[in-house]
Amino acid sequence: MTTELKASKYRCPTCGGADFVTSVTQWRCTDCGQTYACVYGMPKLFNEETLGAQDRKLRDTFYDGLFGRLYQVTMPAIVMPVRPLSLSGPYWIAYFAAWIALLGLAVGLVAALVSGAWIAAVILALPLVLAALVLNRQRYLLHLLWTAAPVWLSLSRRPYTPPETFAQVHERVLAPLRTASRRLQVLDVSTGSCNSLYKHGWMSLDADYTAIDLSETMLKQGSEMMSKAGVAVDLVLGDAMALPFQDDRFDVVLSYGAVNGLTDPVKAIAEMARVAKPGGVLLFLDEQMYDAATPLDRAYFHKVLSSHNIIHRCPVESLPASLTDVRVTQIYQFYYICTARKAG
């Protein structure tokens, strides 16, 4: 069964046309005839050959890889040095267990070599070699091993008070939206598992939700999570630097933890501004160090948190001229939120 979409919010990545014939297996642009396959019923509205090198690399080796498949475990582990113990206790147990295991294996190997117990030495060496291969391939985990505990101790001794908290920034943006006299259109760019879209207050709006990501692995998790939560959302596989949406379509455009890692962050923000309605709100969060960072903080930031990024701060000086009321708030030691409004 096929359905024809005319004058929808979508646009063809190839020709810019807005009319599609759609089914659960593919979308076809009626203007240029280009077809786009569907995965799990989600259209892949991008052209593989035009993807940025960094975006393709992160999708193929990171988000569609082990990190993405275990995202609900790997992401909290990476940020455990900056989270309260009440939220990261199990990860610290796993962290110290890993250290004990590695050190135990190393001590056992040395003892076996000294005593000439070659079979025991081989048995002990195998998991160490495997661990070394994994850590060499996933360098951020290697650096997390040596920075996590010292960074947590350092930060706990130097509490950070932001000029505006994460919750306050969101309430500042959400409060006027809740009083809107019409149904709003909300877009989450590089949504991943849809976790941020669901948890940070956006569900309190009278809105239709659209979420886009380049990773099939991550977007499938988002589909499952939103389905279990009973939230209707249009899910699209697409390129953040060539959003497959028409101009001036969304009242709110969001992005959490993605902008800094894209091939061209400035172009991605310009795309977010393009698809926002005049008067629409943009909000994006990503990594940025606070002014009082120590050398240890900086090592953790660059080697772990920001290791896959192209830039390491908000590109506020390069934002499109169409954006007004731009505010960049350092909400945590290593994270900023930028909010802006598209000129009406």
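The values are calculated or read from the model by the stated rules, or taken from the named source; none is laboratory data. Small disclaimer: the values here were computed from a predicted structure and weren't measured. Cβ placement follows ideal geometry from the backbone for every residue including glycine, while neighbour counts extend to all protein chains displayed.
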Kindly indicate whether any position in segment 23-36 is in contact with a His (Cβ under 9 Å, 6 or more places away or on another chain) and either surrounded by 14 or more Cβ atoms within 10 Å (Cβ to Cβ) or closer than 30 Å to L144 by Cα (or both).
-> no
Only one of I311, I337 is modelled with pLDDT of 95 or more, assigned by TED's automatic domain parsing to the domain that holds K277, among the aliphatic types (A, V, I, L, M) and outside any loop (DSSP other than H, G, I, E, B); which?
-> I337
In the set G201, G230, G222, which member is in contact with a strand residue (DSSP E or B) (Cβ under 9 Å, 6 or more places away or on another chain) and either among the small types (G, A, S) or more than 19 Å from A340 (Cα to Cα) (or both)?
-> G222
Taking segment 44-103, which residues are farther than 25 Å from D264 by Cα and among the hydroxyl-bearing types (S, T, Y)?
-> T74, S86, S88, Y91, Y95
Residue selected from segment 130-180 under the condition among the hydroxyl-bearing types (S, T, Y) and in contact with a strand residue (DSSP E or B) (Cβ under 9 Å, 6 or more places away or on another chain), by the criterion modelled with the highest pLDDT | T165
Would you point out the residue of segment 238-278, among those that are out of contact with any Lys or Arg (no Cβ under 6 Å at 6 or more places or on another chain) and among the β-branched types (V, I, T), that is surrounded by the fewest Cβ atoms within 10 Å (Cβ to Cβ)?
-> V266
Go through segment 200-237 residue by residue and tally those that are assigned to a loop (DSSP other than H, G, I, E, B) and closer than 29 Å to R172 by Cβ.
-> 7
